[in-house]
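The structure appears below as structure tokens.
The values are calculated or read from the model by the stated rules, or taken from the named source; none is laboratory data. Note that this is a predicted model, so its numbers are computed, not measured. Note that we place each Cβ from the backbone using ideal geometry, even for glycine, and neighbour counts take in every protein chain shown. Just the protein is used for accessible areas: all its heavy atoms, side chains included, with ligands, DNA and RNA removed. Shrake-Rupley method; radii C 1.70, N 1.55, O 1.52, S 1.80 Å.
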Amino acid sequence: MLAIVSSSHRNEPDTLLSQCFKYVVRNLDSVFYQDPATNGYELMPGQALPREICEALIKEYQLNGFQVNDKFIRLFKNTNNTSLRHVRIRNSAITDDGFKTILKHHLVELDISKCQMITDQSLHTLNEYSDRLVSLVVGNGVQLLPESLLYTAQNHSWSNQTTTPQSFEDRGFILRAPNLRRLTIRNIYIHREKKYFPLLLNSFPNLTVLDLSGCSDVENLEYITKLTNLTSLTLHNVYKIQDSLPYICQLKNLVHLDISQSNEKMGLYQKENEALEYIVTNLPCLEALDISGTNLAGTGVAEQKLGSTTVGTDIPGLVSRVNRPLEFLGLYGTSHGACRRHDIPAKRISGDANERQILIAAASYLERPDILQRVLNDLYQLFRYESCQNIKMALAVVLEAMDRHLTTKHIQISGSATLFYIVKNKDIPIMLSCRIKRAIVTTLLNGMNSHKNDDTMMRNGCLTLCQFKIPHDVLFEYKRLVGILLHIVSEMEQEGFVQRLGTYLLNSLACQVDGPQKQMLGDLGAVNRMLVIIDDRISRKVCDDVLEVAWSTMWNVTDETAINCQRFLDGKGMNYFLGCLQLFPDKDELMRNMMGLLGNVAEVKYLRPRLMTTSYIAVFAELVDSSSDGIEVNEVSYNAAGVLSHMASDGEKAWTIEKPSRESVLDRMVQAIVRWPLTAERNINYRSFEPILGLARVFHTPECQHWAVWALANLTTVYPNKYCSLVESEGGLAILEEVLADPRPYQNIKDLAKIVIQKCQEYRGDMSERSKSPQLDG
């Protein structure tokens with residue numbers, strides 16, 4: 001994430017390779033073969049993927065919000081045409097079978113965390129294929145290692161000779177990996193097995209990095225003195241460390257030592273100043289020390305030794321490092337606010353005293369969700385009440401934290417709240433490039449998708465997404481975002497703030513997108529979900545902004561999309577239209593949205609017969625007469641006339657009702673049109689004039705032409721820069737010349753046609769003059 005945020009070429013697009021990976025992981029069915037028997041994916045005949053691509057596929061699959069499972073992992077079952085060496089899997093649904101597929105590649109590095117379906121049944125498989133393993137991370141939520149030294153042959157396939165209970169101690173090892181150099185085991189609970197960790201670590205005399213964070217019953221750590229090559233030892237949340245300090249301090253090659261605690265009660269040392277001094281004086285190579293959550297930093301009172309004129313530090317135990325400061329010192333959550341002291345002999349400090357300390361803490365504790373949650377809250381407060389200078393680093397650690405801890409709700413909530421303030425601040429010193437925006441959007445959607453039923457997470461996500469340009473900035477995640485928003489509008493609390501946010505965002509997604517996206521919205525159920533909202537409001541006789549936006553969403557989603565118009569009718573949409581009309585006749589915005597939607601439905605020829613009923617036509621005719629103040633066009637009247645124009649364009653035979661008569665409806669429509677001011681501004685957006693130009697050619701019914709040509713005259717008069725070129729590009733001028741030459745249209749129509757032609761000519765002339773203007777050399 002830091003690489004993305006800090007890129008010196010922030011505005012460059014993703015590489016072609018990156019874009020290919022994203023396409024592949026989102027369209028596995030299009031690229032690979034899916035075995036109908038197992039439902040798993042496999043390479044096509046003749047396909048072979050090198051190691052770099054195989055490893056990147058696993059990484060990108062997770063970054064794009066997908067959960068690794070056996071179905072996906074089957075891609076790598078053939079070790080002849082796929083290859084894996086470095087694998088990192090988190091929050092997966094992979095089972096022992098899928099895990100075996102990965103292990104058969106004889107991995108060099110393996111990092112698994114929160115893979116709850118992997119059990120100790122896989123331990124034998126790991127031992128079988130671990131000959132090349134150099135680095136192993138067994139993180140939270142993985143039951144790979146046994147909880148006891150005892151095992152039975154029934155449960156462990158390597159001992160088939162007898163069913164008599166045996167022990168790992170008799171066997172001589174728990175985990176066998178002769179080349180292992182780095183081992184991390186987090187939060188494994190071992191109850192009263194004093195020989196467990198000595199036996200486990202006895203197999204790895206060449207370890208250089210050891211992390212036993214959160215492990216229980218590690219005993220007195222005497223056994224680690226055999227690990228003479230250790231340069232890094234992490235014992236975060238390991239209890240009773242003070243008793244083991246003599247053994248830890250025998251590891252003279254230690255460069256990094258972490259004895260921090262998340263619970264201050266567990267970090268209380270006797271004679272804390274002497275204990276810290278003992279550590280730093282006995283570990284000559286030490287450069288990084290984390291004592292967060294302990295009292296090892298003392299009370300802050302400088303202690304001056306006999307014969308010394310100055311101490312030079314507010315942490316008594318670090319007097320010996322005043323002239324040789326530590327590269328890193330962890331002081332987050334220490335007793336007596338140690339991180340806020342002035343004289344601290346360290347170059348980098350984790351704490352909560354200032355922005356730099358908080359960012360260092362966030363980067364240092366990415367694998368500790370309990371601490372990380374507190375640090376992210378500190379960062380959130382920093383953005384909310386103060387100014388943050390290092391936006392790049394803050395954004396990077398928040399995105400990384402959210403990616404690593406997808407299932408940890410509180411981290412997702414804190415992270416998304418901070419993202420809101422980062423994105424909201426338009427004065428931030430870094431520009432949010434396309435790549436950064438995409439990283440933020442994808443990370444947000446991953447979190448929202450994992451916590452769909454949490455009101456706070458969905459609120460934070462929606463508020464943050466509202467700061468982007470919708471739909472432009474989210475088109476690359478269009479389908480997934482629509483699915484999340486549809487869940488919000490249908491499953492979250494009715495009349496709740498989150499539902500309102502979801503409805504607004506969904507409407508924005510339906511606007512200014514092309515037909516495929518509009519159809520996708522309908523395919524995913526947008527029309528039906530909006531009808532459910534409308535039904536709820538009608539039943540409770542409530543007209544609110546959600547009801548208005550629901551109709552607006554359907555107006556947008558039915559634009560030039562016939563199948564969605566049909567979905568509206570099939571969902572008894574006309575009943576809801578009449579219901580809203582009866583209950584809320586004075587709600588102008590609601591009426592405008594409903595009639596705009598029906599205008600789209602009326603444009604679909606095969607659906608028009610379903611509108612040809614006495615009740616519907618009578619309502620449309622009444623709405624044509626909707627009042628106007630003479631300054632602006634009443635949009636309800638305009639849209640109602642548009643609906644009737646399309647209905648009448650099918651000819652007299654298609655008018656299958658007796659009342660109201662076709663002639664009376666057309667007469668009322670013309671009377672309304674002549675009242676509309678031609679220079680009125682409009683709150684409408686046309687992407688195409690095809691339906692209007694179609695009506696302009698209905699010579700058998702000039703009233704239809706009148707409405708169409710008035711619309712063109714109004715739009716080219718008020719918005720010439722936007723609509724004159726559209727008229728020309730869609731062949732509108734040729735059609736209007738036909739109108740002028742034909743004797744059937746009456747004079748009002750021809751006058752309006754001349755106005756449109758004139759406006760287009762003027763616009764073309766203006767554009768020609770602009771092109772002749774002198775241009776500066778760049």
For this session: Compute the projected area of the convex hull of the Cα atoms of the stretch 407-493, averaged over all viewing directions, and report it in nm² to one decimal place.
Result: 5.4
For this session: Return the long-range amide H neighbours of Asp290 (sequence gap of 5 or more, or a different chain), with a cut-off of under 5 Å between placed amide H atoms.
Result: Leu257, Asp258, Ile259, Gly330
For this session: Evaluate the charge dipole of the stretch 311-372 about its Cα centre and quote only its size in Debye, nearest 20, assuming +1 on the Cβ of each Lys and Arg and -1 on the Cβ of each Asp and Glu.
Result: 220
Seminar exercise, completed: For Leu103, the accessible surface traced by a 1.4 Å probe with all protein chains present amounts, in square angstrom to the nearest 10, to 10
Problem set entry | Phi to ³J(HN,Hα) by Karplus 6.51 cos²θ - 1.76 cosθ + 1.60 over the stretch 457-463, Hz, x for Gly, Pro | 5, 5, 5, 4, x, 5, 4
Exercise. Efficiency by 1/(1 + (r/R0)^6): what FRET value for Leu366 and Glu762, r their Cβ-Cβ distance, R0 = 51 Å, to the nearest 0.05?
Worked result: 0.25
For this session: Work out the length of the dipole vector of the chain about its Cα centre, built from +1 on the beta-carbon of each Lys and Arg and -1 on the beta-carbon of each Asp and Glu, and round it to the nearest 20 debye.
Result: 1280
Exercise. Using heavy-atom solvent-accessible surface (probe 1.4 Å) with all chains present, what is the largest-first order of Val557, Val619?
Worked result: Val619, Val557
For this session: Identify, among Ser350, Thr79, Val142, the residue whose Cα sits farthest towards the positive end of the charge dipole of the chain, taking +1 on the Cβ of Lys and Arg and -1 on the Cβ of Asp and Glu, with the dipole about the Cα centre.
Result: Thr79
Problem set entry | Reachable lysines, given that their alpha-carbon falls under 29 Å from the alpha-carbon of Lys653 and they are not under 8 places away in the same chain | Lys572, Lys605, Lys750
Problem set entry | Helix 614-624 vs. the chain, principal-axis angle (Cα, 0 to 90°, nearest 10) | 90
Exercise. Helix 497-510 sits at what angle to the longest principal axis of the chain, using alpha carbons and giving 0 to 90 degrees rounded to 10?
Worked result: 60
Problem set entry | Theoretical FRET efficiency, 1/(1+(r/R0)^6), r = Cβ-Cβ of Lys240 and Asn323, R0 35 Å, to 0.05 | 0.60
Seminar exercise, completed: Yeah, the stretch 22-113 with a ≥ b ≥ c from its alpha-carbon gyration tensor (a/c under 1.5 is rounded, else prolate when a/b outruns b/c, oblate otherwise) is rounded
Exercise. Say R0 is 45 Å: what FRET efficiency, to the nearest 0.05, do Met266 and His124 get from their beta-carbon distance?
Worked result: 0.80
Seminar exercise, completed: SASA check, Asp370, accessible area w/ 1.4 Å probe, all protein chains in place, rounded to nearest 10 Å², comes out at 70
Exercise. So what is the calculated 222 nm ellipticity per residue for the chain, using -39500 (n - 2.57) for each DSSP H run with n of 4 or more, over all residues, to the nearest 500 deg cm²/dmol?
Worked result: -14500 deg cm²/dmol
Exercise. Where in the stretch 542-591 are there trypsin sites (Lys or Arg not before Pro) that are in a DSSP coil and have at most 15 other Cβ atoms within 10 angstrom of their Cβ?
Worked result: Lys572
For this session: Pop out the ³J(HN,Hα) list for the stretch 63-77 in order, Karplus 6.51 cos²θ - 1.76 cosθ + 1.60 with θ = phi - 60°, rounded to Hz; leave Gly and Pro as x.
Result: 5, 8, x, 8, 9, 5, 9, 4, 4, 6, 5, 4, 4, 10, 5
Exercise. With labels modelled as points extended 7 Å from the Cα through the Cβ direction, what inter-label distance (nm, one decimal) is found for Asp97 paired with Cys434?
Worked result: 4.2
Exercise. Val489 accessible area, nearest 10 Å², 1.4 Å probe?
Worked result: 0
Seminar exercise, completed: Among Lys22/Lys104; Lys22/Lys479; Lys22/Lys392; Lys71/Lys100; Lys22/Lys77; Lys71/Lys437, the pairs whose Cα-Cα distance exceeds 20 Å are Lys22/Lys104; Lys22/Lys392; Lys22/Lys77; Lys71/Lys437
Problem set entry | Added length on full extension, which subtracts the Cα-Cα distance from 0.36 nm per residue, Ile657 to Arg171 | 165.8 nm
Seminar exercise, completed: Honestly the stretch 429-571 on the Cα gyration tensor test (a ≥ b ≥ c root eigenvalues; a/c under 1.5 rounded, otherwise a/b vs b/c for prolate or oblate) is just oblate
Exercise. What angle do you read, to the nearest 10 degrees and between 0 and 90, between the alpha-carbon axis of helix 732-741 and the longest principal axis of the chain?
Worked result: 10
Seminar exercise, completed: Sorted list, accessible surface of protein heavy atoms, 1.4 Å probe, largest first, for Arg435, Arg192, Arg186 is Arg192, Arg435, Arg186
Problem set entry | 3J(HN,Hα) from dihedral phi, the stretch 200-217, Karplus parametrisation 6.51/-1.76/1.60, rounded to Hz, x for glycine, proline | 4, 7, 5, 7, 10, x, 9, 4, 10, 10, 9, 10, 10, 3, x, 7, 9, 6
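For the stretch 493-580, what does the alpha-carbon gyration tensor say about shape, rounded, prolate or oblate, given a ≥ b ≥ c as the root eigenvalues, a/c under 1.5 as rounded, and a/b over b/c as prolate?
oblate
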For this session: Send over a whole-number figure in Å² for the accessible area per residue of the chain, probe 1.4 Å.
Result: 44
Problem set entry | Whole-number D in µm² s⁻¹ for the chain, Kirkwood Cα-pair radius fed into Stokes-Einstein, 37 °C, 0.692 mPa s | 104
Problem set entry | Full-extension gain in nm, Gln519 to Val532, via 0.36 nm per residue minus C-alpha separation | 2.8 nm
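Within the chain, what's the longest run with no GluC sites (Glu not before Pro) in a DSSP loop and at most 15 other beta-carbon atoms within 10 Å? Give the range, please.
The segment 148-302 is the longest one with no such site.
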Problem set entry | Charge tally in the Cβ shell below 12 Å around Lys347, where Lys, Arg are +1 and Asp, Glu are -1, Lys347 excluded | +2
For this session: Kindly work out what percent of the DSSP beta bridges joining two residues of the chain are antiparallel, to the nearest 5.
Result: 10
Exercise. In cubic angstrom, how much convex hull volume per residue do the alpha carbon atoms of the stretch 667-737 span?
Worked result: 87
Problem set entry | Stretch gain in nm, segment Glu52-Arg610, where the contour uses 0.36 nm per residue and the Cα spacing is subtracted | 195.1 nm
